[in-house]
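All remarks here apply to the structure that follows.
Each value in this text was obtained by applying a stated rule to the coordinates, not by laboratory testing. Since the structure is predicted, the reported quantities are computational estimates derived from the model, not experimental observations. Cβ sites come from the backbone with ideal geometry, for glycine too, and all protein chains shown count toward neighbours.
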Amino acid sequence: MNETSQALDYRQLVEQHGSPLLLLDKAAVRKQYRALAAALPDVRLHYALKPLPHPALVEVLKEEGACFDLATNGEVDLVKSQGVRPGRCIHTHPIKRDGDIRHALEYGCTVFVYDNPWELDKFLPYKDEVKLLLRVSFPNPETKVDLSKKFGCTPEQALPLMQLAQAKGLKVMGLSFHVGSQVPNPKRHVQAIDACRAILEQAWDLGLKPWVLDIGGGFPVDYEGGDVDIASFCAPIREALADLPATVQKIAEPGRFISAPAMTSVASVMGKAHRGDKIWYYLDDGLYGSYNGQMYDHVTYPVSVPYANGEAHRSVLAGPTCDSVDVIRDDIALPELEIGDLVVGRVMGAYTWASASTFNFFPKADILVIDSSQQEQRLTAVA
Ligand SMILES: *Cc1c(COP(=O)(O)O)cnc(C)c1O
């Protein structure tokens, strides 16, 4: 990532394509996918589209042989438009409307997730077509994005829910979980794998035949801009998975890990002011735009001013909207910037563009697809 970014002339890119920009580097997507695939060699990786549902990323991952994790009709349409075979997809939203199920089935995706009896009943009309994963919840107070309250049955409810499916003539292929996003260590993955192994063993004892364990997402990135040693992070997960019979298929749903390091934000200073003892800079991207993850995703992105130098001043980097909460960094030491100067944000590929708004009618940043290994450039305008 670092060699890449230094080689890019952001000023030229902004001159050519406008500001604000998000630079999506296909080479970085490849690198992340390969690193995780090497760290989890027996696990089939389904990229979760949610953090960055962009065609270029789907295209790269498809070439890499990745599978996909879909949750909405829009995500179904995106992989379909990129020619992904439906057999490479699973649909993992635990709560669906009939239309959502039908849309995925029309595409050819037949694997779905349930976590309660009402969801199970929604599959009765499609009994012969669908295979289900039962989502089990494992609370994770260690992450700020803990999904265990919103989705998943308790481990105690798992067997009765598998038996209920069997009684209704629905096929349960296995269990899934999501221990929360950007987890600090692999402990919860390991605990959840062990707990699921116990549930699977009880199910087999009862004559049920689940054959899949889906260990979800959560794989972390370094928001200081470095590389997480994903092989070490995954070592305990590999060990826990090795305790399962070899006949159990293992899959994962990484989102953030694949996309976060692949995108860099470039924003321009549109105005400045001295207020108190600080210099305020108003950028054309902010908390309602690409930086919204600082609000919703509880992360702080590393920012830099690659073309400015000189004495550092106490500074504030604010977004463009008229809302006072729209501040990217309060009290950061920066050399003095001029109007038009560029501010670069890194590790901005996950939960950024995907959840940005156009509040105040400030358009979302355009994504410029590049390939740092090939000199490719391609602009996706969104506004
Ligand atoms: C969001 C989500 C993911 C991706 O999680 P990351 O923490 O970004 O890896 C995977 N599976 C499901 C069901 C999700 O909702």
TODO: Give the long-range amide H neighbours of Asp214: residues separated by 5 or more places, or on another chain, with amide H under 5 Å away, using H modelled in the peptide plane at 1.01 Å from N.
DONE: Leu175, Ser176, Phe177, Ile251
- [ ] Would you mind checking the radius of gyration and Dmax of region 26-260 based on alpha-carbon positions, in Å?
- [x] 16.8, 51
Open item on the list: Once you keep just the Cα pairs under 8 angstrom separated by 6 or more residues, what percentage relative contact order results for the chain?
Closed with: 20
Task: In Hz, Karplus ³J(HN,Hα) per residue of region 89-100 (6.51, -1.76, 1.60; θ = phi - 60°; x = Gly, Pro) - done: 10, 10, 10, 10, 6, x, 10, 9, 8, 4, x, 5
Task: Antiparallel DSSP beta bridges within the chain, as percent of all bridges there, nearest 5 - done: 45
Task: Positive-pole candidate from Ala333, Ile230, Gln377, dipole of the chain, charges at beta carbon - done: Ile230
TODO: Quick one: what are the phi-derived ³J(HN,Hα) couplings along region 234-245, Karplus 6.51/-1.76/1.60 with θ = phi - 60°, whole Hz, x for glycine and proline?
DONE: 7, 4, x, 5, 4, 4, 5, 5, 5, 6, 7, x
Open item on the list: Compute the distance from the alpha-carbon center of region 356-374 to that of region 272-308, in whole Å.
Closed with: 16
Task: Estimated dipole of region 25-76 in Debye, rounded to 20 [Cβ of Lys and Arg +1, of Asp and Glu -1, Cα centre] - done: 120
Task: Protection proxy ranking, peptides 8-16, 104-112, 201-209, average beta carbon neighbours within 10 Å, highest first - done: 104-112, 8-16, 201-209
- [ ] Would you give the gap between the C-alpha center of region 174-203 and the C-alpha center of region 78-131, rounded to a whole Å?
- [x] 23
- [ ] Please compute P(r) over all alpha-carbon pairs of region 1-126, binned at 10 Å starting from zero, and give each bin as a whole-number percent.
- [x] 11, 35, 28, 18, 7, 2
TODO: Kindly express, to the nearest 10 degrees and within the range 0 to 90, the angle between helix 187-205's C-alpha long axis and the longest C-alpha principal axis of the chain.
DONE: 20
Task: Length released on extending from Ser355 to Glu336, taking residue separation times 0.36 nm less the Cα-Cα span - done: 3.7 nm
TODO: Jot down the per residue volume, in cubic angstrom and as a whole number, of the convex hull over the alpha-carbon atoms of region 145-260.
DONE: 108
- [ ] Please list 355-368, 166-179 highest first by mean number of surrounding beta-carbon atoms within 10 Å per residue.
- [x] 166-179, 355-368
TODO: May I ask you to sort Thr264, Thr352 by Cβ crowding, counting other Cβ atoms within 10 Å and putting the fewest first?
DONE: Thr264, Thr352
Open item on the list: Helix-only estimate, please: 222 nm mean residue ellipticity of the chain, summing -39500 (n - 2.57) across DSSP H runs of length 4 or more and dividing by its residues, to the nearest 500.
Closed with: -8500 deg cm²/dmol
Task: Inverse mean reciprocal Cα-Cα distance (Kirkwood Rh) of region 78-166, Å - done: 14.1
- [ ] Taking the Cα centre of the chain as origin, work out the dipole magnitude from +1 charges on Lys and Arg Cβ and -1 charges on Asp and Glu Cβ, in debye rounded to 20.
- [x] 1040
TODO: Of the listed pairs Lys96/Lys250; Lys96/Lys131; Lys122/Lys150, which have alpha-carbon separations greater than 21 Å here?
DONE: Lys96/Lys250
Open item on the list: Sort 275-282, 129-136 by the packing proxy (mean of other Cβ within 10 Å over each peptide's residues), most packed first.
Closed with: 129-136, 275-282
Task: In order through region 295-305: 3J(HN,Hα) via Karplus (6.51 cos²θ - 1.76 cosθ + 1.60), integer Hz, x for Gly, Pro - done: 8, 7, 9, 6, 10, 10, 8, x, 10, 8, 10
Open item on the list: Over the Cα atoms of region 324-383, each weighted equally, I'd like the Debye log10 I(q)/I(0) at q = 0.18, 0.31 Å⁻¹, rounded to two decimals.
Closed with: -0.99, -1.33
TODO: For region 283-337, compute Rh as the Kirkwood radius over C-alpha pairs and then the Stokes-Einstein diffusion coefficient at 4 °C and 1.567 mPa s; write the answer in µm²/s, rounded to an integer.
DONE: 109
